[in-house]
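Worksheet for the structure shown next.
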Amino acid sequence: MAERPNYTDIYLQFREGEEFPFAYRYARPSVTADCVLFARDADGLKVLLIRRGNAPFKGDWAFPGGFLEAGQEDVKQCARRELLEETGLKAGELHLIDVFSRPDRDPRCPIVTASFWGIVPMQEARGCDDAAEARWFPVDAVPPLAFDHEEMLAKALAALG
């Protein structure tokens with residue numbers, strides 16, 4: 001794996017007197033929200049995953065989620081919007097799992113994500129927007145996941161009880 005760049009040293013240095021006088025001296029990470037959705041059928045508990053249509057991790061399985069539209073929504077609204085955009089599903093009640101912010105969790109840049117879990121009736125999901133596919137998996141037969149989503153799943157299952 002290539003060494004991660006030091007974003008502050010590369011392009012987030014404070015540049016006094018330049019066009020953007022309000023630039024910060026500190027990296028400003030992006031914010032995302034992910035949605036871990038569960039449903040039950042005759043075969044037991046299932047979790048919803050999407051196959052990523054874009055890099056990074058193109059073709060890998062992950063939870064529906066994406067970038068916050070700053071100034072337009074909070075992280076829970078972002079989770080709901082991304083779930084709908086990527087799977088066509090709407091969530092009822094959502095519960096915060098945790099905030100994930102490990103510096104190496106995403107190869108693009110520093111990204112902080114708020115992750116939520118919910119339970120819905122079993123229903124068909126479809127891959128939409130930047131999700132190539134959406135599918136329900138038994139919780140004991142989940143494929144390898146992108147990013148730190150295996151940790152998210154473990155915490156969601158613990159919260160679910």
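Bear in mind that the values in this text are calculations on the coordinates, not laboratory data. What you see is a predicted model, and the numbers here were worked out from it, not measured in a lab. A quick note on method: Cβ atoms are made from the backbone with ideal geometry, for glycine too, and the neighbour counts reach across all protein chains shown.
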Search segment 59-100 for residues being over 25 Å from Pro143 (Cα atoms) and charged (D, E, K, R), and hand back the single one that is surrounded by the fewest Cβ atoms within 10 Å (Cβ to Cβ).
Glu93
Tally time: how many residues in segment 59-89 are charged (D, E, K, R) and without any contact (Cβ under 8 Å) to a residue 24 or more places away in the chain?
4
Could you check segment 101-128 and list, in sequence order, the residues that are more than 23 Å from Ala154 (Cβ to Cβ) and either of a type in the set (Gly, Ala, Ser) or exposed (fewer than 15 other Cβ atoms within 10 Å of the Cβ) (or both)?
Arg108, Cys109, Pro121, Gln123, Glu124, Arg126, Gly127
